Structures are given as structure tokens and as C-alpha cells.
Amino acid sequence: MQETRRRVLDALDDGPVSGPTIAERLDISRAAVWKHVEALREAGFEIDSGEDGYRLTAVPDYGAATIEHAVDAPYRIEYHAAIDSTNRRARELAAEGASDVAVVAGRQTGGRGRLDRTWSSPEGGVYVSLVLRPEVPPAHAPVFTLAAAVATADAASAAGVDPTIKWPNDVLVPAAYERKLAGVLTEMEGEADRVSWLVVGVGANVDVAAEELPRAATSLRDLGGDLDRRAFLVSLLDRFYELTDDLEGVLEAWRERSGTLGRRVRVGTPDGSVVGDAVDVEFPGTLVVDADGDTVRVTVGDCEHLRPA
Ligand code: BT5
């Protein structure tokens, strides 16, 4: 949202407040105040104008202005009711030079997972892709995936469901078998020594019925969690911002959330599969596996939790 509009909205939030008061406080004309109020109404905010001034009576459910209004982190929100893939759109914005933008969609028609898998994206889920330009070498990109998984798991906890994270990116809810609540897809373009852009995409099943999802998936609706997707997204974005302020600290937060450490695992890697005990995760996101005496470090791969040997 444009800065002045955000400040008008903040003023209305403390209302009732008169047009002239807002104009004076923000050092803009009364006509400009009126224009911003109209634009906010257009965006779905309900603003009464009575004798004592303007009063904000309802904020839209979901959408750029209402999300931006609630988020503390300095991300611009680009909202689409429907889009093919927020990661695809975020990459486009990144190529144009954008940064600190969160592309959000109500649903996706071509949502993607890793390795060209598809991501089911019915209405009611949270679909968000952040465009970032961190000053880090390309090799450090995985820590952003870990941070996104932690932020997503924490948002789910705030909504009443406590997930664990399967290395590196799966947010799972333990049950008779582990079911997937959310996933993270990180894409990047890098030069030799630094990242030019990073797109961190999160898909989370919030107000979605299990029938609309693949078999091993679950949702907050399924689990009886809070179904306010705006609250979920706001919590996710603010937590992600906080976590990525201290990249070294992400590891500790991830370890606390991990469902992988201490487990017997099989990790499919480009060089073949590794079976052993997951003993640690090291910066920037490397999984350390004790493969029956041999210590193996895995940087990319698909991890499967096995029953204890
Ligand atoms: C992931 O891939 O877990 C990354 C998912 C990232 C999705 C977000 S949505 C916003 C942004 N825009 C995009 O286009 N993508 C990102 P992976 O680890 O490869 O897992 C994919 C597998 O999860 C699929 O093959 C299915 O088995 C399963 N799956 C698909 N849709 C699911 C859903 N909604 N919930 C749970 N599991 C799902």
C-alpha cells in the first residue's frame, strides 16, 4: 500500500477522526484525504462518515490492503484472487528488479512444488511468495527455506495446531501417519558470490477441506484449527522477517521444530540414497546423517522418516 494511504488508514483505525484532522496530521490536503478514503472503500474497507468524522467499521477479509495493514514487516503485498503460481509471478517481479514484495493469491491454478511436482491450491489456502534480495552468497539460500518452514509452523501453532518440520521444507502434523500441512519452494538466481534474488514460496492448507487435497495432506480445517487465513499469513510474514534478521539463529529455531532429528531416515539425493540416523542440521541447512558409523552431510534431497531400525 502506498505510504500516505497506510497512514490515513492508521489514523482511521484510532477514529472517529475528522477529515481536517487527518489532513493536518499528515500534512496533506483535505481533497487528498477524501481521495484516500474513497480508495480504501474501493479496496473493501468500510468507513462510515458521521458527525464526529470518519470511523473504520470493517476491514476486508483478505486482499493487499488489509494484509499490509496488519503486517509489521516491511513487505509490499501484491494480491491476486486467482493466479497460476505466486512463485512464477514473484520470479517475474524479481527479474524486473523488485524486492521485499509478497505475492499472495486466494487460489492458484498452476501451483508448483519442488522438482516440477504440482501443489494443490484450492480457495481457502494460504499461497504466498516473497521476493527478497539478501546480501548473502548463493550457498546460503537454504537457510531461507528453513526459516519459512519455521515461520509457517509457528503460524500454525498460533492457529491451534502444532506441527513439526521434516527436513528441509515439509510442515507435518503427526498422526497415525504424518500428514502434510504446508510446504516451501525456494527458487533463486545467483552470481558467483551473491544472490541476485530469492523467491520463497509457501503453500499452507488453512480453510480447505481434506477432499480437495492429495491423500497424505491435512488442513487446519481438518484439524479444528483457527481458519482466519489473514491472521495466518500475517503471523507467517512477521515471523519470517524476524527470523531472517538473524540467519544463524534460524538453525536453533528449526531444531526445536524438527521432526527429523533423532529419526531413522532415508534421503534420496542426486548421488543416490542415504540411510541412517538424522543427528543434526548445520548452517545453512545441511542435514547430518549418521549412516551406521559414516557421517554423511546432505545439502539437497527428499527425506523419508523410517520406523526405528
Ligand atoms: C513443496 O513441494 O512442498 C513446495 C510447495 C510450495 C507451494 C507454494 S504455494 C505458493 C508458491 N507458489 C507455487 O507455485 N508454489 C509455492 P514438494 O516437497 O515437492 O511437495 C509436493 C508434493 O506435496 C506433491 O507431489 C503432493 O504429493 C503433495 N501436495 C500437493 N499439494 C499439496 C497440498 N496442498 N497439501 C499437502 N500436500 C500437497
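Magnitude of the charge dipole for the chain, about its Cα centre and with charges confined to Cβ atoms of Lys, Arg (+1) and Asp, Glu (-1), is about 740 debye. Packing-based ranking of 24-30, 232-238 yields 232-238, 24-30, ordered from highest to lowest mean Cβ neighbour count within 10 Å. Along each principal axis, taking the top coordinate minus the bottom one, the Cα set of the stretch 225-309 gives 45, 29, 23 Å in descending order. Beyond 19 Å, how much of the Cα-Cα pair distribution for the stretch 1-74 remains, as a whole percent? I get 26 percent for the Cα pairs in the stretch 1-74 exceeding 19 Å. Does the stretch 158-281 come out rounded, prolate or oblate by the C-alpha gyration tensor, with a ≥ b ≥ c the root eigenvalues, rounded set by a/c under 1.5 and, if not, prolate when a/b is larger than b/c and oblate if not? Because a/c hits 1.5 or more and a/b fails to exceed b/c, the stretch 158-281 counts as oblate.
Counted by Cβ distance under 11 Å from G268, the other residues give a net charge of -2, where Lys and Arg count +1 and Asp and Glu count -1. Among the GluC sites (Glu not before Pro) found in the stretch 140-244, those both in a DSSP coil and sparsely packed, with 15 or fewer other Cβ atoms within 10 Å of their Cβ, are E191. Helix 229-243: angle to the longest alpha-carbon principal axis of the chain, degrees 0 to 90, nearest 10? The two axes meet at around 70 degrees. In sequence order, the stretch 78-89 has phi-based couplings of 10, 10, 10, 4, 8, 7, 5, 8, 5, 5, 4, 5 Hz under the Karplus curve 6.51 cos²θ - 1.76 cosθ + 1.60, θ = phi - 60°, and Gly or Pro positions carry x.
Per residue, the convex hull spanned by the Cα atoms of the chain amounts to 141 cubic angstrom. With axes computed from alpha carbons, what is the tilt in degrees of helix 247-257 against the longest principal axis of the chain, rounded to the nearest 10 within 0 to 90? Orientation of helix 247-257: about 70 degrees from the principal axis.
On the beta carbon distance between E123 and D292, with R0 = 30 Å, the FRET formula returns roughly 0.05. The phi torsions of the stretch 199-214, fed into the Karplus equation with coefficients 6.51, -1.76 and 1.60 and a -60° offset, translate into couplings of 10, 10, x, 10, x, 9, 8, 9, 8, 10, 7, 4, 4, 8, 10, x Hz, rounded to whole numbers, with Gly and Pro shown as x. Compared with the dominant Cα axis of the chain, that is its longest principal axis, helix 142-158 is turned about 60°. With the simple model of a label 7 Å out from the Cα in the direction of the Cβ, A139 to S99 spans 2.3 nm. Please list, in chain and number order, the residues 5+ apart from D100 or on another chain whose amide H is under 5 Å from its amide H, with Hs placed from the backbone. When sequence neighbours closer than 5 places are left aside, the close amide H contacts are V131, L132, R133.
With each label modelled as a point 7 angstrom along the Cα→C-beta vector, the E248-L227 pair spans 4.5 nm.
Taken together, the values in this text are just the output of simple stated rules run on the coordinates, not laboratory data. Since we're looking at a predicted model, the values are computed, not measured. When we count neighbours, we look across all protein chains shown, and the Cβ atoms used for this are built from the backbone with ideal geometry, even at glycine.
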